[in-house]
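The values are calculated or read from the model by the stated rules, or taken from the named source; none is laboratory data. Computed from a predicted structure; not experimentally measured. We place every Cβ from the backbone using ideal geometry, glycine too, and count neighbours over all the protein chains shown. Each accessible area value is taken on the protein alone, full model and side chains, heavy atoms only, with ligands, DNA and RNA left out. Shrake-Rupley method; radii C 1.70, N 1.55, O 1.52, S 1.80 Å.
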Amino acid sequence: MTHIDPEALVASLRRLQTTSSTTGIVHQLERAVDVVNSLFGYAGAGLMFAEEGKDLRYLVATDERGRSLEGAQLHLGQGPCVSAYEENSAVTSSDVRVDPRWPKLADRLHPEVRAVAGVPVRLGDEPVGTLNVYQARFYEWDESDVQALYGYADVIEQLLTVAMAAEEKSALADQLQYALDYRVVIERAIGYLMGKHDLTATQAFTGLRKQARDTRRRVADLAAEVLGEGAGEIR
């Protein structure tokens, strides 16, 4: 069972709710996912978002294992997080690797992704994405886990609602689409770092994320710079 400190939960929710809009909606969403992961002690967390055509794409993942979870589900079109979006309700699995609901998922997952839980993120009554967490071992999710995830999903919904009220809806959509598109740049930068420095995907992603935090920059901007330097070396 995950032991959740109610006071820490309330305090973190309030900090996210009062974050200045000048930081940008995507940065706020990244912070929300990071807090979910660190506060509750899960192995990792992520946020998937639906494009205009209703197809899910991953927007934020805290680590390489989380990226494998999001990527595997998007490739196969199935999994607990996809089901949470399609069913507009919480979906959990104590061990997704042997869960008969998604028989093809295990082959595409990082070996340390086991228990998975996802809840929908909504605007109004309609889901627009999912908030997802995982554990590296068999884990029985209980009601406190699910309610905590719903609490953070509510905050993400409020962040989106406030952003839409503060600016044109199309501008918000552009921000989110920009972030989704930049995931491709991050993936390419990880591949470049793996080849140049003989790193695993986990090491490359972790190093890129750490350097971005240390220099107070966005991961996407740093990834674009890494690719630019790589192109310069090839010339």
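Structural remarks
- For segment 62-79, putting each phi into the Karplus relation 6.51 cos²θ - 1.76 cosθ + 1.60 with θ = phi - 60° gives couplings of 7, 7, 5, 5, x, 5, 5, 5, 5, x, 5, 5, 5, 5, 8, x, 8, x Hz, in residue order, rounded to whole numbers and with x for Gly and Pro.
- Segment 46-93: trypsin sites (Lys or Arg not before Pro) in DSSP coil with no more than 15 other Cβ atoms inside 10 Å: LYS54
- Rolling a 1.4 Å probe over the protein chains gives GLU187 an accessible area of about 70 Å².
- Rounded to the nearest whole Hz, the Karplus-based 3J(HN,Hα) values (6.51 cos²θ - 1.76 cosθ + 1.60, θ = phi - 60°) of segment 211-223 follow the sequence 5, 5, 5, 4, 9, 6, 10, 7, 4, 4, 5, 5, 4, with x at glycine and proline.
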